[in-house]
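**Q** If you scroll down you'll find the structure; I have some questions about it.
Nothing in this text is a laboratory measurement; each read-out follows from the coordinates by a stated rule. Because the structure is a prediction, the values reported are computed rather than measured. So basically every Cβ, Gly included, is an ideal-geometry build from the backbone, and we count neighbours across all protein chains shown.
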Amino acid sequence: MTYYALVKQCAETPLALKALQQMRAWGLTPFDLKSVGHGITEQFSEKLMRLGLLPEGEFNDGLILAETALAGIPALATSDADLLDIEEIPLRVQFEAADLLPVQICHPKLLLKAMTPKR
């Protein structure tokens, strides 16, 4: 998000900048990986692409999954089709092989539906 807010000038720049400015007000806490975490996330992402769990060129999606796991966050809400299309069991095997907390990927609408009280 920082890249889109401060470096790349595009249609998403104003939204990314607003999101960065409002993060804490929205109750979101940003985190930074220790330097060793960067190597772990890169290796994990490369392995997911090599195994065909992520399409070539979706390196950042793999980074997001590994960063989420390293942060101890058990679920990732996303509308990204490449992430939602990953087979759950082979992905879980790769999380375990990398000694990372497995992350459940779900669409935000399904997550919201599950969290909405029944009437």
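**Q** If I build a Gaussian network model for the chain, linking alpha-carbon pairs within less than 10 angstrom, which residue out of LYS109, LYS18, LYS47 has the largest mean-square fluctuation?
**A** LYS18
**Q** Let me ask something else about it. If you build the Cα gyration tensor of the chain and take the root of 5 times each eigenvalue, what three semi-axes come out, in whole angstrom, biggest first?
**A** Numbers: eigenvalues 113, 84, 44 Å².
For the chain, the ellipsoid semi-axes come out as 24, 21, 15 Å.
**Q** Using Cα-Cα distances under 8 Å and only pairs 6 or more residues apart, what relative contact order does the stretch 18-119 have, in percent? Walk me through the numbers before you get to the answer.
**A** Numbers: 96 pairs, mean separation 23.3, N = 102.
So the answer I get is 23 percent.
**Q** List the GluC sites (Glu not before Pro) within the stretch 15-119 that DSSP assigns to loop and that have no more than 10 neighbouring Cβ atoms inside 10 Å.
**A** Numbers: sites: GLU42, GLU46, GLU56, GLU58, GLU67, GLU87, GLU88, GLU96; in loops: GLU56, GLU58, GLU87.
Loop-located and lightly packed - GLU56, GLU87.
**Q** Additional query: Counting other beta carbons within 10 Å of each Cβ, put LYS118, LYS113 in order, fewest first.
**A** Values: LYS118 3, LYS113 9.
The fewest-first ordering by Cβ neighbours comes to LYS118, LYS113.
**Q** Using only helices, what value at 222 nm comes out for the chain when you add -39,500 (n - 2.57) per DSSP H run of length 4 or more and divide by the total residues, to the nearest 500 deg cm²/dmol?
**A** Numbers: 6 runs with 60 residues, N = 119.
That calculation yields -15000 deg cm²/dmol at 222 nm.
**Q** Another question about this same structure. Placing +1 on the Cβ of each Lys and Arg and -1 on the Cβ of each Asp and Glu in the chain, which of PHE44, MET115, LEU100 has its Cα farthest towards the positive end of the resulting dipole?
**A** Of the listed residues, the answer is MET115.
**Q** Shifting gears a bit: Of PRO108, PRO74, PRO30, which is the most mobile in a GNM of the chain whose springs link Cα atoms less than 10 angstrom apart?
**A** So, out of PRO108, PRO74, PRO30, the one fluctuating most is PRO30.
**Q** DSSP loop chymotrypsin sites (Phe, Trp or Tyr not before Pro) in the stretch 19-119 with at most 14 other Cβ atoms within 10 Å of their Cβ, which ones?
**A** Working: sites: TRP26, PHE31, PHE44, PHE59, PHE95; in loops: TRP26, PHE31.
Counting only loop positions with at most 14 other Cβ atoms within 10 Å, the chymotrypsin sites (Phe, Trp or Tyr not before Pro) in the stretch 19-119 are TRP26, PHE31.
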